[in-house]
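Q: First the structure, which I've put down as C-alpha cells, then a few questions once you've had a look.
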Amino acid sequence: MWLSARVAAVVLAAGRSRRTGAVNKLLARTGESTIVERAVDAVLRCGLHETIVVTGYQSEALREALGERALRFVHNAEFASGMSTSLKAGVAALGPAVDAALVCLADMPMVTSALLRRVVTAYDPAAGRAIVVPCYAKRRGNPVLWDRRFFGAMRAIAGDVGAKALLGEHAAQVFELPTDDPAVLMDVDTPDQLDALR
C-alpha cells in the first residue's frame with residue numbers, strides 16, 4: 001500500500017431491493033447473520049481508517065441490524081433517485097484526512113476481508129495505481145478503490161449508476177487486480193440468488 005495511506009470504506013446500503021420483491025435483501029438472514037452484516041463485518045476486519053455506511057430505504061432497520069459496530073452512518077434522503085446519490089452522499093462525508101475510498105456494495109456478502117485487503121494493498125498512486133479494480137476471469141468487479149483526486153468527479157455522477165464511467169475516463173490510473181475469487185462479481189439481486197446464498 002502507498003506509504004501509510006488512510007483508506008476509508010464507503011458501504012452503499014441505501015437501495016430498495018426492488019428485484020427481490022417484498023424482502024429487503026440486505027436484512028435477509030444467511031446463517032447467523034444478515035447480508036448487510038456479512039458485508040460490513042468483512043470491511044471492519046480490514047482495520048481501515050473509517051467505515052461509512054450509506055443508508056436510505058429502511059434505514060432504521062439497517063442501523064438496528066448493524067448494532068454497536070464502529071461505523072458512521074450517512075442517510076441518503078434521495079436514495080430513490082438511484083445509486084449515484086448514495087455514492088455522492090458517502091464520498092461527501094469523507095474528511096480531508098482520507099487519502100482514498102474503498103467503495104463497497106452491501107449486497108455482496110461473499111467478498112472476504114482478505115480480498116478487501118488485497119485491493120487496499122495494491123493502491124499506489126505514485127505507480128499509476130490510483131484506482132484499483134478487482135478482476136475475475138478478465139471481468140471487472142467490486143469493490144473499487146478510488147484515490148481522493150477522483151472524489152469531485154464521483155460527486156458529479158447522476159442517475160442510477162455507480163462510478164464505472166470514470167474508469168474509462170481515467171484508464172491510465174486504473175490497476176486491474178487479478179483474483180481467483182468470483183465473489184467480486186457476485187451481488188444478490190433476485191429471489192433465486194437470495195435462495196442460493198441461503
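Q: Looking only at the stretch 134-152, which residues are assigned to a helix (DSSP H, G or I) and within 17 Å of the chain's Cα centre (by Cα)? Full working, then the answer.
A: Of the residues in the stretch 134-152, the ones assigned to a helix (DSSP H, G or I) are 148-152.
Answer for the stretch 134-152, where residues must be assigned to a helix (DSSP H, G or I) and within 17 Å of the chain's Cα centre (by Cα): R148, F150, F151.
Q: When you look at V144, is it closer than 22 Å to G95 by Cα, of a type in the set (A, V, I, L, M) and in contact with a Phe, Trp or Tyr (Cβ under 9 Å, 6 or more places away or on another chain), yes or no? Step through it out loud before you land on a result.
A: Values: closer than 22 Å to G95 by Cα: yes; of a type in the set (A, V, I, L, M): yes; in contact with a Phe, Trp or Tyr (Cβ under 9 Å, 6 or more places away or on another chain): no.
The answer is no for V144.
Q: Between a first residue in the stretch 28-41 that is in contact (Cβ under 8 Å) with a residue 24 or more places away in the chain and a second residue that is of a type outside the set (S, T, N, Q) and in a strand (DSSP E or B), which pairs have beta carbons less than 7 Å apart while being 6 or more apart in sequence or on different chains?
A: What qualifies is V36/A13; A39/V11; A39/C104; V40/V11; V40/V53.
Q: Please go through the stretch 101-117 and pick out each residue that is among the β-branched types (V, I, T) and either crowded, with 21+ Cβ neighbours inside 10 Å or under 12 Å from the mean Cα position of the chain (by Cα) (or both).
A: Filtering the stretch 101-117 for residues among the β-branched types (V, I, T) gives 103, 111-112.
The answer is V103, V111.
Q: Quick test for you: out of A92, A77, pick the one residue that is hydrophobic (A, V, I, L, M, F, W, C), out of contact with any Gly (no Cβ under 6 Å at 6 or more places or on another chain) and either surrounded by 13 or more Cβ atoms within 10 Å (Cβ to Cβ) or under 20 Å from A8 (Cβ atoms) (or both). Explain how you work it out, then say what you get.
A: Working: A77 fails: either surrounded by 13 or more Cβ atoms within 10 Å (Cβ to Cβ) or under 20 Å from A8 (Cβ atoms) (or both).
Answer to the selection: A92.
Residues checked against (1) within 14 Å of L48 (Cβ to Cβ); (2) out of contact with any Cys (no Cβ under 9 Å at 6 or more places or on another chain); (3) buried (at least 21 other Cβ atoms within 10 Å of the Cβ):
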| site | (1), (2), (3) |
| --- | --- |
| D99 | yes, yes, no |
| V119 | yes, yes, yes |
| D147 | no, yes, yes |
| L167 | no, yes, no |
| F175 | no, yes, no |
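Q: Can you name the residue in the stretch 23-62 that is touching a Ser or Thr at 6+ places or on another chain (Cβ under 9 Å) and among the β-branched types (V, I, T) and is also modelled with the lowest pLDDT among such residues?
A: By that ranking, first place goes to V23.
Q: While we're on this one: Taking the residues in the stretch 100-137 that are in contact with a strand residue (DSSP E or B) (Cβ under 6 Å, 6 or more places away or on another chain) and of a type outside the set (A, V, I, L, M) as candidates, determine which candidate is nearest to N24 (Cα to Cα).
A: Taking the stretch 100-137 and keeping what is in contact with a strand residue (DSSP E or B) (Cβ under 6 Å, 6 or more places away or on another chain), we get 100-106, 119-120, 122-123, 125, 129-135.
Then keep just the ones that are of a type outside the set (A, V, I, L, M); that gives 104, 123, 125, 129, 134-135.
Numbers: C104: 18, Y123: 33, P125: 38, R129: 36, P134: 27, C135: 28 Å.
Residue satisfying both the conditions and the ranking: C104.
Q: Same structure, new question: Just to be sure before I move on: is A126 at pLDDT below 95 and more than 19 Å from L105 (Cα to Cα) in the structure I sent?
A: Details: at pLDDT below 95: yes; more than 19 Å from L105 (Cα to Cα): yes.
Yes, satisfied.
Q: Please work out which residue is surrounded by the fewest Cβ atoms within 10 Å (Cβ to Cβ), limiting yourself to the stretch 11-22 and to residues that are modelled with pLDDT of 80 or more and in a loop (DSSP other than H, G, I, E, B). Write out each step before concluding.
A: Within the stretch 11-22, the subset modelled with pLDDT of 80 or more is 11-15.
Of the ones still in play, those that are also in a loop (DSSP other than H, G, I, E, B) are 14-15.
Values: A14: 29, G15: 25.
Taking the candidates together, the pick is G15.
Q: Given the criteria modelled with pLDDT under 95 and surrounded by fewer than 17 Cβ atoms within 10 Å (Cβ to Cβ), does S86 qualify? Write out each step before concluding.
A: Working: modelled with pLDDT under 95: yes; surrounded by fewer than 17 Cβ atoms within 10 Å (Cβ to Cβ): no.
No: the conditions fail for S86.
Q: For residues that are buried (at least 21 other Cβ atoms within 10 Å of the Cβ) and of a type in the set (V, I, T), scanning just the stretch 23-50, find the one that is farthest from R117 (Cα to Cα).
A: Among those that are buried (at least 21 other Cβ atoms within 10 Å of the Cβ) and of a type in the set (V, I, T), it is T34.
Q: I would also like to ask the following. Tell me yes or no: at least one residue of the stretch 138-155 is out of contact with any strand residue (DSSP E or B) (no Cβ under 8 Å at 6 or more places or on another chain), of a type in the set (A, V, I, L, M, F, W, C) and at pLDDT below 95. It would help to see each step written out before you state the result.
A: Quick first cut of the stretch 138-155, residues out of contact with any strand residue (DSSP E or B) (no Cβ under 8 Å at 6 or more places or on another chain) only: 138-139, 149, 152-153, 155.
In the following step, the residues that additionally are of a type in the set (A, V, I, L, M, F, W, C) were identified as 153.
Keeping just the survivors that are at pLDDT below 95 gives 153.
Yes - at least one qualifying residue is present in the stretch 138-155.
Q: While we're looking at this one, here's another question. Every residue in the stretch 70-84 that is more than 18 Å from L94 (Cα to Cα), in contact with an Asp or Glu (Cβ under 8 Å, 6 or more places away or on another chain) and outside any helix (DSSP H, G or I), please.
A: Pass one, the stretch 70-84, residues more than 18 Å from L94 (Cα to Cα): 78-82.
Restricting the remaining residues to those that are in contact with an Asp or Glu (Cβ under 8 Å, 6 or more places away or on another chain) gives 81-82.
If the condition is that a residue be more than 18 Å from L94 (Cα to Cα), in contact with an Asp or Glu (Cβ under 8 Å, 6 or more places away or on another chain) and outside any helix (DSSP H, G or I), then G82 is the only one that fits.
The values are calculated or read from the model by the stated rules, or taken from the named source; none is laboratory data. Given the structure is predicted, the values throughout are model-derived calculations rather than measurements. Every residue, glycine as well, gets a Cβ built from its backbone with ideal geometry; the counts of neighbours run over all protein chains shown.
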